[in-house]
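> Okay, here's the structure, questions in a sec.
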Amino acid sequence: MTTKTTPHKLMTPLSRSSLGVRFKLNSRGMTLIEIMVVIVIIGGLLATLGRTVFTSLANSEVQQTKIQFKQVSQQLEMYNSTCGNYPTTEQGLQALVQDPGKDVCPNWGPEPYLKDIPKDAWKKPLIYESDGSSFVLKSLGKKARAGGTGAEKDLLSTDPD
């Protein structure tokens, strides 16, 4: 008589003790040094990414202010073509928002050139200087103080792009 072996008989059963040993070998966990190495690696990655993100943000704020300069300059050119001169420093950019009077610009309007006095990327009003024949728009940058370097330097509408 021959006995047939079925597939389930070919498999050797695992005892509970052998399962326990295998489980214990695979679940030893991470040591404190391994955890610290992972934290240092993650910290380095975050520092690199953070610096890149903040540099990009600073550059975008500068670009946004330069775009604002161009838009306001276009409206000042329209004012100049209508009135024959630019608003003076004393009149300021308010002359683009509100009619400065018929004695200053008899052809002003009928709509304002700007709805509000424009602000730079840091929510500070643009500085306007003019003698009536030319103008300069200025932003004091992120720190809102004269001078500075990088993203914190003064921006002028006359600066090259």
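> What ratio of Cα Rg to 2.2 N^0.38 Å holds for region 41-156?
Normalised Cα radius of gyration, region 41-156: 1.35.
> Longer than 21 Å from Cα to Cα, which of Lys115/Lys138; Lys70/Lys102; Lys70/Lys153; Lys66/Lys102; Lys119/Lys143; Lys119/Lys142 are they? Say none if no pair is.
Cα-Cα > 21 Å for Lys70/Lys102; Lys66/Lys102; rest within.
> Tell me the GluC sites (Glu not before Pro) within region 21-106 that lie in a loop according to DSSP and have at most 14 other beta-carbon atoms within 10 Å.
Glu90
> Once phi is turned into θ = phi - 60°, what whole-Hz ³J(HN,Hα) does the Karplus curve with 6.51, -1.76 and 1.60 give for every residue of region 55-63, x standing for Gly and Pro?
5, 5, 5, 4, 5, 5, 5, 5, 4
> DSSP loop (so not H, G, I, E, B), at most 16 other Cβ within 10 Å: list which chymotrypsin sites (Phe, Trp or Tyr not before Pro) in region 59-133 pass both filters.
Passing sites in region 59-133 are Trp122.
A short reminder: the numbers here are calculations on the coordinates, not readings from a lab. Predicted model, so just to flag it, every value in this text is computed and none were measured. A quick note on method: Cβ atoms are made from the backbone with ideal geometry, for glycine too, and the neighbour counts reach across all protein chains shown.
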